[in-house]
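Computed from the coordinates by the stated procedures, all read-outs in this text should not be read as laboratory data. Because the structure is a prediction, the values reported are computed rather than measured. Note that we place each Cβ from the backbone using ideal geometry, even for glycine, and neighbour counts take in every protein chain shown.
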Amino acid sequence: MPTDATPSVRRSPRKLWAALRRIWAFAWPYRWRLAAAMVLAMLSSVVWLVVPLGLRELLDAVFEDADGALLNRLTLALLVLFLLQAVFSFTGFYLLEWTGERVVADLRQRIYRHLHRLGLRFYANQRTGDLTSRLTNDVGKIREAVTSALVDSLTQTLTLLGSVALMVLLNWRLSLVIFVVVPVATLAARVFGRKIRQLARRVQDQLADTTAIAEEAIGAIRVVKAFGRAPYETQRYHNAVEALFETARYKVLIAKLFGSVIGLLFMGALTAIFWYGGREVLAGRLTTGDLVAFVFYAFNIARSVGGMSRLYATFNSAAGATERLFELLDAAPDVPEPANPVPLSQVEGRVQFEDVDFAYADGLPVLHGITLSVDAGETVALVGPSGAGKTTLLNLIPRFYDVTAGALTLDGVDVRDVDPQALRQHMAIVPQEVHLFATSVRENIRYGRLEATDDEVEAAARAANAHEFIAALPDGYDAQVGERGVKLSAGQRQRISIARAILRDARILLLDEATSALDASSEALVQEALDRLMQDRTTFIIAHRLSTVRDVDRILVVKDGRIVEQGPHDALVQQDGVYQELAALQLL
């Protein structure tokens, strides 16, 4: 038996159906299609219940009455029944499949939309591969439970109850054989279903692990190759896939064992029916047609119970995926949208921290009593040792996180009273590690303002000192940059990032070590573009190289989550403090 660190999921039937009802709620907008599919499926089941009676009459007409005309009429009637059953089945199946695909598409879109509402605190505790797996594999896993399994459960129930009722009418004594088997099959379904549910959840978790491992290694392929770790990563993926295989194998074993047990029970019952029914025919208490119809209904019951057992396994398998999906949908945004957001029309760019404290989820405080007022159009630099809280302070401005205590205001408005999306429309960020999308240069720049024209994109590129190298590319602005911009140099990627920020034309600019990873020639071009970008904007700069912030309006020295010094470069370098120590280390 495979083992796994993932805890098993024990879910009572009540909780199981409660979880599935949440999924079925997604089918509510398409309830009329689903209802039509149900009606057609049930009509198909009714026709299938009538068929054994037709066979009984057909056989009795041949063997008992020797009525050729009746034989012809019954044969024609059976053909009509089969035609109706085929039409009902086809139409109902198409409506079900359409609804299933539509519901899955809606669910994927809702989850993806919700993922974009969640804050950075959520993503800090998640693996991208796991989220991708939930968005693709888990959603696909619940598809049957949403539609076809739901309808099948109704039709199987109708077939089961109808077959039992007609069997009792035909011969109640012979029906007792089936009534002994059904409770045993139901108990087996309950026992096996619980185990299948646990294994299904484990399979989904391990599938997510394999996806995460592969995505992580491929995303860091340069590091993998640089350290010669291809064999290590291959082995890691091999181990994850083998663990997944073992769990999936065991799940298949349990599911097939379950099917075999149910099949054995009903085949034994059918054998008993043949034996006892044959004796009844020989004794003249049952006709040949009655026996054939009875056996047909017994097959229906066996098929229905087996089908319902598989449906129970399907529902249990979907329950694991359902749980994983609703873990995402139930995750509340840690940066909530205000009920009545304050609109921001004309932003001047005054930023004020009022006795701000901040701590991450682990409770460890990062910022303590930050009080700071930055005027519109002012440029301030944040310097200090690594881990001092500079990036955290910067991340509070666009509400990537909310303050733990105190207040942060923009033009006198508490940013918590502003819709995060609306707030960020007035900000542009140039990070140290630039992320470019695997599309064209033009589209990457236009990401700053989607409605920008080609001329505006080119103007932004010129202002960012990027036009010359873009024009030299084989396809110019239409050149593909590759995954994460791998086809471009670090300096080129940074200049595209600056062009994107220029195109956004925001009042507040956030620069996080924008030149730290560049060589001297690239840094000069980027710094010139940044100087152009910072004009008439409120700018916050994080810098380790003090040479890049000599001329800013004010330097803030951050240490241990506090602003310990502030002022212009010339004044700070004369003081006996942290900034003087930093300057001495950099030989300024």
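Data overview
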| read-out | value |
| --- | --- |
| Residue-span extension gain [ALA283 to LEU81] - 0.36 nm each, minus C-alpha spacing | 69.5 nm |
| Radius of gyration, Dmax [the chain; alpha carbons; angstrom] | 34.8, 120 |
| Length added when fully stretched, GLN574-ASP551, from 0.36 nm per residue minus Cα-Cα | 6.7 nm |
| Net length gained if the chain between GLN480 and THR271 were fully extended (0.36 nm per residue, minus Cα distance) | 68.3 nm |
| Label-to-label distance, nm, for residues given as ARG73 and THR453 (7 Å Cα→Cβ offset) | 8.2 |
| The range 451-502: Cα Rg divided by the 2.2 N^0.38 Å rule of thumb | 1.04 |
| Relative contact order (percent, whole number), the chain, Cα cutoff 8 Å, 6+ residue spacing | 15 |
| Summed side-chain charge close to ARG324 - residues other than ARG324 whose Cβ falls under 10 Å, Lys, Arg +1, Asp, Glu -1 | -2 |
| Spatial separation of Cα centroids for the range 544-559 and the range 396-410, in angstrom | 22 |
| Radius 13 Å from Cβ of VAL383, net charge of other residues (Lys, Arg +1; Asp, Glu -1) | +1 |
| Computed over the range 457-588: relative contact order in percent, which uses C-alpha pairs under 8 Å that are six or more apart | 20 |
| Förster radius 35 Å - calculated FRET efficiency between ALA471 and ARG127 (Cβ-Cβ, nearest 0.05) | 0.30 |
| Dipole magnitude (debye, nearest 20) for the chain, charges at Cβ of Lys, Arg, Asp, Glu | 3000 |
| Furthest towards positive pole of dipole, ALA27, LEU325, VAL51, structure part the chain, Cβ charges | VAL51 |
| Residues LYS487 and GLU327, FRET efficiency given R0 of 30 Å [Cβ-Cβ distance, rounded to 0.05] | 0.20 |
